Amino acid sequence: ALTAEGTIIGTFQYMSPEQLEGRDADARSDIWALGCVLYEMATGRRAFEGRSQASLIAAILEREPAMVGEAPSGGSAAGGPPQGLDRLIRSCLVKDPEERLQTAHDAKLQLQWIAEGAGLSGVGVPAPAIASVAPAHRPALRVAWSVAAVAVLASVGLFAWLWPRANAPHPAYRFRTEALPGVVDYNWPRVSPDGRSLVFDAQDSSGASRAWLRPLDQTVARPILGSEGLRRAYWSPDSREIAFVAGGKILRLPVVGGTATVVCEAKGGADLSWGSRGFILMDVNSTDSLRVVPAQGGELRPATRIERAAGEVGAAWPCFLPDGEHFLFLGMVAGREGGNMRLGKLGSLDSKLLGWSDGRAEYAPGGWVLFLRGTTLLAQKLDLRAGKLVGQPLTIVERMRVGSSAGHFSISRSGVLAYARGEDVALNTLFEADRNGKLVGGPLTSGLVLNPAVSPDGHRLLFQKAATNLGGDEEIWVMDLLRGTQTKLTFGGGTAKMPVWSPDGQRFACVVMPREGEASLQLGSADGLGARDSIPLPDAKVTMLTQWASAGNRLVVGAADFSAVYFANPDSADKSLRPVAGLAKSLGTSAVSPDGRWLAYTSGTGGAQVQMYVQSLSGAPGRWQISTTKGYMPVWTRGGHELLFEGPAGVMAVDLDTQNGFHVGTPRVLFALPLNASEPDARTWTCTQDGLRFFLLVPPKLRGSGEIEVVTDFGALVNRK
């Protein structure tokens, strides 16, 4: 078969070098194809051949075909080609398009000259071979070559007629997607490789997320069944499936819905790229290199290395090029939003530095790279062979929706571009609320705010906040609710997260992850005065500080992979963390009861299996399931007689009787949360010890309710600039 399905559309035997390398194709690429056709007509053989696609591509890029008169078949047996034909074909098959025959008109003029029979001795064909043809046969020979020349002229004429029509400018249509019923926000648009469909993530009022599919020739979107709980969806090369991370696994799912297939285990990470050669790239976390796995299943293996000399601490946001071999990604730099754009290649851990982007980068048809400067989407040409960006960047979209180095945009192989504008949901506002979830008073603070914690007396708030709207350093702040003042408590130059109050409200503790060095627990005065104390963490995964328990004066720390819970006494000489024995695996956020007898914690592997439990820490052993659907983020109130936790429906409350054994009431919903936690270390609410006053993070109302804009022809955007 001459053709095969692939991401590079066309027949490889007639493809020019620039097409195979992902560079711009224009009329000169068709001149190359014309040269291949002429060669095959004159010799009966293809100009370039190989046993596989790879060897065929190598032949096109590196070798020259035999001269027409010296080819194993054709040419000499019939008396040799007409004079100038070999020279014309070679002018069409020059590797560099700048040195190639430039127009079909020039080819037409040369073919007319050849058809008129100017001379008998062809270039590169020995004259004796022509002279050896019997005189009686020469008229027939001339007729045969004349017929062939007329056929070629007809082909050139047809090409010259079709080319302007096939390459006439196409209008770039723009439209916006409609709002979805029951959905509070939808984002992360991904255009299918064939440009026919759009998939995006949508959240309902409970915070539950799933993928939705919108064919671009229809006006109605529908949820993809089986995608519940995903972070972000990514297309397969054939536009028939999506891949995503959920429940600690990479899954693939047909867009028609159904049961997802497990590709492999994947602890951490959410961002993928599925290449045309059947491999999936994944960024495991922000402090690791990229990994690669066959889409049919297997084991994640390293695909890149971390360039420490360039100040990088990890890799993220992979994006395959159409060849399924090269890929773009970001080399993450500690303390900065965005990273170094890099060009990698499967089979090698090395990469080439392309420049800086404030968000992820994506390859666009025509050899462009899309990347971010602040909230502006830019496009710049990529010289794949040299491994560098060339020319000046062009502005494509302003006010792009960004957050966590993302950039809500994507583009198909056919040039359909989709994007979302406006602020990201991470720009939250902190409010006070009553026990029914009704907001009280005006906003307290806003920005990239997470993990609020109210003091024991209810007069102050600790919270975690990023330095700018595009991220950067994250520090711990304290707010005086009576005076309305805010004070920054940490100045680490990195990430300080998950603050907690000491039982007396005089001190605070938090996890500090510096740009360089090991993470630790830091303890200091809540008024910002005095020296700091530090407690080393036993493992890089132990970074989830959830409580400073009054009973036993204990810090409660969990592992990010949910494998263990640790206690530490901050005032003892031995400040080492000690694992809590006898607990179930896959532990999440946890909290000790006020009397120190019970530990509430999350256990499970994902989905409905994630439940809230209480386990005995003293006396007779015991373990009780508290939640009925899902539960995490426990908070003890009313002296230990009530347990609050976060569930799919919002803040849940359950009454407890621990006087004579342990008796659990029925969980009930207090109110729906404006914003659910996206990660175990991203609490969005807190409450006072009596369970009457709450402090909630509220996401902004996005302009256009998260509408996605679609442009049908990316080429029209860059060609007019």
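Filter the range 48-61 down to the residues that are touching a Pro at 6+ places or on another chain (Cβ under 8 Å) and not in a loop (DSSP other than H, G, I, E, B), then identify the one that is least open to solvent (accessible area, probe 1.4 Å). So the residue we want is 60. Whether any residue in the range 24-47 is modelled with pLDDT under 80, surrounded by fewer than 19 Cβ atoms within 10 Å (Cβ to Cβ) and closer than 23 Å to residue 368 by Cβ is what I want to check. Checking the range 24-47: at least one residue is modelled with pLDDT under 80, surrounded by fewer than 19 Cβ atoms within 10 Å (Cβ to Cβ) and closer than 23 Å to residue 368 by Cβ.
Taken over the range 387-412, residues that are modelled with pLDDT under 90 and either surrounded by fewer than 23 Cβ atoms within 10 Å (Cβ to Cβ) or part of a strand (DSSP E or B) (or both) amount to 8. In this structure, residue 539 qualifies as among the acidic types (Asp, Glu), under 38 Å from the mean Cα position of the chain (by Cα) and either modelled with pLDDT under 90 or open to solvent by 20 Å² or more (accessible area, probe 1.4 Å) (or both).
Of all residues being closer than 18 Å to residue 379 by Cα and without any contact (Cβ under 8 Å) to a residue 40 or more places away in the chain in the range 342-358, which is surrounded by the most Cβ atoms within 10 Å (Cβ to Cβ)? Just the residue, please. Residue satisfying both the conditions and the ranking: 342. Scanning the range 275-289 for residues that are surrounded by fewer than 24 Cβ atoms within 10 Å (Cβ to Cβ) and more than 29 Å from residue 518 (Cβ to Cβ) yields a count of 4.
Under the condition of being at pLDDT below 85 and of a type in the set (A, V, I, L, M, F, W, C), the residues counted in the range 610-639 number 2.
Among the residues of the range 680-701, write down those that are hydroxyl-bearing (Ser, Thr, Tyr) and more than 14 Å from residue 650 (Cα to Cα). 688, the sole residue that qualifies.
Within the option set 40, 64, being within 18 Å of residue 83 (Cα to Cα) and either assigned to a loop (DSSP other than H, G, I, E, B) or of a type in the set (Asp, Glu) (or both) holds for one residue only, 40.
Would the range 360-373 turn up any residue that is touching a Gly at 6+ places or on another chain (Cβ under 6 Å) and within 29 Å of residue 475 (Cα to Cα)? Yes, the conditions are met somewhere in the range 360-373. Going through the range 517-562 one residue at a time, which ones are under 26 Å from residue 266 (Cα atoms), hydroxyl-bearing (Ser, Thr, Tyr) and not in a strand (DSSP E or B)? Answer for the range 517-562, where residues must be under 26 Å from residue 266 (Cα atoms), hydroxyl-bearing (Ser, Thr, Tyr) and not in a strand (DSSP E or B): just 543.
Taking the range 576-692 and the strands (runs of 3 or more DSSP E) fully enclosed by it, the elements with 1 or more residues that are without any contact (Cβ under 8 Å) to a residue 60 or more places away in the chain, crowded, with 16+ Cβ neighbours inside 10 Å and in contact with a Lys or Arg (Cβ under 7 Å, 6 or more places away or on another chain) are at 587-592, 611-616, 632-637, 642-647, 650-657.
Close Cβ contacts (under 7 Å, 6 or more residues apart or on different chains) running from residues in the range 44-73 that are more than 21 Å from residue 18 (Cβ to Cβ) to residues that are open to solvent by less than 20 Å² (accessible area, probe 1.4 Å) and of a type in the set (A, V, I, L, M) comprise 45/71; 68/42; 68/85; 68/89; 69/125. Being surrounded by 22 or more Cβ atoms within 10 Å (Cβ to Cβ) and touching an Asp or Glu at 6+ places or on another chain (Cβ under 8 Å): is that true of residue 338 here? The answer is yes for residue 338.
Just the residues that are basic (Lys, Arg) and buried (at least 18 other Cβ atoms within 10 Å of the Cβ), please, taken from the range 239-254.
Result: 252, single match.
Quick check: is even one residue across the range 414-431 under 30 Å from residue 546 (Cα atoms), of a type outside the set (Phe, Trp, Tyr) and modelled with pLDDT of 90 or more? Yes, some residue in the range 414-431 is under 30 Å from residue 546 (Cα atoms), of a type outside the set (Phe, Trp, Tyr) and modelled with pLDDT of 90 or more.
Pick from the range 495-510 the residues that are in contact with an Asp or Glu (Cβ under 8 Å, 6 or more places away or on another chain) and crowded, with 18+ Cβ neighbours inside 10 Å: which of them is modelled with the lowest pLDDT? For the range 495-510, the residue satisfying everything is 495.
Selection within the range 562-575: residues that are among the small types (Gly, Ala, Ser) and buried (at least 19 other Cβ atoms within 10 Å of the Cβ). The member of this set that is modelled with the lowest pLDDT is 564.
In the range 306-320, is there at least one residue being touching an Asp or Glu at 6+ places or on another chain (Cβ under 6 Å), aliphatic (A, V, I, L, M) and open to solvent by 30 Å² or more (accessible area, probe 1.4 Å)? Checking the range 306-320: at least one residue is touching an Asp or Glu at 6+ places or on another chain (Cβ under 6 Å), aliphatic (A, V, I, L, M) and open to solvent by 30 Å² or more (accessible area, probe 1.4 Å).
Each row is one residue, and each column tells you yes or no for (1) touching a residue at least 12 places away in the same chain (Cβ under 8 Å); (2) closer than 26 Å to residue 370 by Cα; (3) small (Gly, Ala, Ser).
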site	(1), (2), (3)
246	yes, no, yes
260	yes, no, yes
267	yes, no, no
285	yes, yes, no
293	yes, yes, no
298	yes, no, yes
303	yes, yes, yes
307	yes, yes, no
316	yes, yes, yes
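The values are calculated or read from the model by the stated rules, or taken from the named source; none is laboratory data. For clarity, every value in this text was computed on a predicted model and none was experimentally measured. Don't worry about glycine lacking a Cβ; one is built from the backbone with ideal geometry, like all the others, and counts go over all protein chains shown. We work out accessible area using only protein heavy atoms, side chains counted, and drop any ligands, DNA or RNA first. Shrake-Rupley method; radii C 1.70, N 1.55, O 1.52, S 1.80 Å.
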